[in-house]
Amino acid sequence: MELEKSLVSGSMSLLVLKLLEDGDLYGYQMIAELRRRSDDTFRLKAGTLYPLLHSLEEKGLVTAYEQTAESGKTRRYYHLTKHGRSALQEKETAWNAYARAVGRVLKGGACLAGA
C-alpha cells in the first residue's frame, strides 16, 4: 500500500531527527535505516532527504561534518544538536497526540456523557 505524499512529507523531519537520536549518520545510511525500520514503507529519495537535512541544519537542529571512510570516500555525516533533541521531543509529543486523536476518530471516538 502506497502512502499519501502529504502524510509522509509532514512527518519526515520527525523521522529524520529520530534516526539521528541514536547517532550520527550520512544520507544513504538514513535512507536505508528509515526503510528498514518502517518495513519498507518509507522509501525516501536523496533528492528529498538532502533539502530536508539542509533545512534542519539551517534551523540549528543538526550539524554536518565530513569524514573519510575506510574506502577512501568522503561522507557528510549529520549530528543531532541539543536544540535538535529538544525539537525532537516536542515533535514526538505533538505526533503522539495527533496519532491518538486520529486513532479515536477511526475507532468511532469516545462517547461523551451528556452530549
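Since every read-out is calculated from the coordinates, none of them should be taken as a lab result. This one's a predicted model, so the numbers in the text were calculated from it and none came from an experiment. Note that we place each Cβ from the backbone using ideal geometry, even for glycine, and neighbour counts take in every protein chain shown.
Which of the residue pairs K18/K107; K45/K82; K45/K91; K45/K73; K18/K91 have a Cα-Cα distance greater than 18 Å in the structure shown? Before the final figure, lay out each step's value.
Working: K18/K107 28 Å; K45/K82 27 Å; K45/K91 22 Å; K45/K73 20 Å; K18/K91 10 Å.
Beyond 18 Å between Cα atoms: K18/K107; K45/K82; K45/K91; K45/K73.
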Using a simple charge model, +1 on the beta-carbon of Lys and Arg, -1 on the beta-carbon of Asp and Glu, nothing else, what dipole does the chain show about its Cα centre, in debye to the nearest 20?
240 debye
Translational diffusion coefficient of the range 5-95 at 37 °C, 0.692 mPa s, Stokes-Einstein with Kirkwood Rh over Cα pairs, in µm²/s as a whole number.
244 µm²/s
From a point 7 Å beyond the Cα of S86 in the direction of its Cβ, which residues of the range 51-75 have a backbone N at a distance under 15 Å?
59-62
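Add +1 for every Lys or Arg and -1 for every Asp or Glu among the other residues with Cβ under 13 Å from the Cβ of A99, and state the total.
It works out to a net charge of +3.
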